[in-house]
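The values are calculated or read from the model by the stated rules, or taken from the named source; none is laboratory data. Note that the structure is predicted; figures quoted are calculated from it, not measured. No Cβ is skipped: glycine too gets one built from the backbone with ideal geometry, and neighbour counts run over all protein chains shown. Keep in mind that these areas ignore ligands, DNA and RNA; they rest on the heavy atoms of the full protein, side chains included. Shrake-Rupley method; radii C 1.70, N 1.55, O 1.52, S 1.80 Å.
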Amino acid sequence: METGRAQRKPLRLIAAACQGLGIGKDGSLPWRLPSEFQYFLNNVTAVAKPGKINMLIWGKLCWYSNPEEIFPLANTLHVVLSNTLETVPKHAHFLCKDFESAVLLASQPPLSDIVETIWDVGGTRVYEAGLMHPWCDLIYLTNVMATFDCDVFFPEFDKNKFQLQDKFPGIPSEIQEENGIQFKFEVFKKRTDV
Ligand SMILES: NC(=O)c1ccc[n+]([C@@H]2O[C@H](COP(=O)([O-])OP(=O)(O)OC[C@H]3O[C@@H](n4cnc5c(N)ncnc54)[C@H](OP(=O)(O)O)[C@@H]3O)[C@@H](O)[C@H]2O)c1
């Protein structure tokens, strides 16, 4: 990693997964949970300091699965990962060929002064790269407490290294329910001693 001028940033994964860690089907979400999607939007747009922004890293298919009406999204810049796209997709800001280039973009001048948090928003390969990254400290993983037919999955991860938090500041701990589907907002924190 070319860390020469890089300014370390918190790097976080955010996903919702059902039983068996399914996250997607036929290029979109397997469920309709508007309040869970709003939770995603609230987290990725939240900044602690006025004037700061968050950098979101998207896989190409995940990017194109977005409903157009969510843009422009406050306090965010968007990097799409692809080796086949030649131009930056509509509403996105940058195109990178690999995960590390996107991280460096957020952590080196000129963006390093304004980027607060890097959010890894999937899909599978993008999550895999994020989980292995030394700056990854938290996984926001909504537990959708039901079974859905899925063709895309969140990667298995080490629950000894990333530990489920009993309570996490600002995150409701009670079970939620929408459209007859129960779900729970969960946060896993990386141990610093492993
Ligand atoms: N439930 C959730 O929270 C959640 C979150 C995210 C996504 N999803 C779902 O997951 C599905 C999309 O995810 P997916 O895993 O199938 O696809 P994806 O990661 O969104 O897109 C795959 C494409 O992105 C590019 N890419 C991905 N990782 C890359 C990397 N590390 N370096 C360079 N390029 C990279 C490649 O594009 P090129 O082929 O152009 O090189 C690859 O073919 C959808 O169904 C979506 O709804 C669900």
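Considering only A146, I70, L95, the residue lying farthest towards the positive end of the dipole of the chain is L95, judged by Cα position with unit charges set on Cβ. When DSSP assigns beta bridges and you keep just the ones with both residues in the range 13-113, what percent turn out antiparallel, to the nearest 5? Antiparallel bridges: around 10 percent, rounded to the nearest 5.
For the chain, modelled as a GNM whose springs connect Cα atoms under 10 angstrom apart, the maximal fluctuation among R12, R32, R125 occurs at R32.
Might you report the magnitude of the Cβ-based charge dipole of the range 75-182 about its Cα centre, with Lys and Arg at +1 and Asp and Glu at -1, to the nearest 20 debye?
200 debye
Sorting E68, E116 on solvent-accessible area from highest to lowest, probe radius 1.4 Å, gives E68, E116.
Taking 7 Å steps out from each Cα toward its Cβ at R8 and D137 produces label points 0.9 nm apart. Ordering 101-110, 69-78 by mean Cβ neighbour count within 10 Å, with the highest value first, yields 101-110, 69-78. A simple charge model with +1 on the Cβ of Lys and Arg, -1 on the Cβ of Asp and Glu and nothing else charged puts the dipole of the range 11-190 at about 340 debye relative to its Cα centre. Rounded to 0.05, the FRET efficiency of the N160 and E69 pair, given R0 = 45 Å and the Cβ-Cβ distance, is 0.65. Calculate how many DSSP beta bridges within the range 11-190 are antiparallel, expressed in % of all such bridges and rounded to the nearest 5. That works out to approximately 40 percent antiparallel. Label zone of Q19 (point 7 Å out along Cα→Cβ, amide N under 14 Å): in the range 173-194 this covers 181-183. Close amide H pairs (under 5 Å, H built 1.01 Å from N) link T142 with A15, A16, A17, E186, residues at least 5 positions away or on another chain. With the simple spin-label model, which puts each label point 7 Å out from Cα in the Cβ direction, the L41 to T87 separation comes to 2.7 nm.
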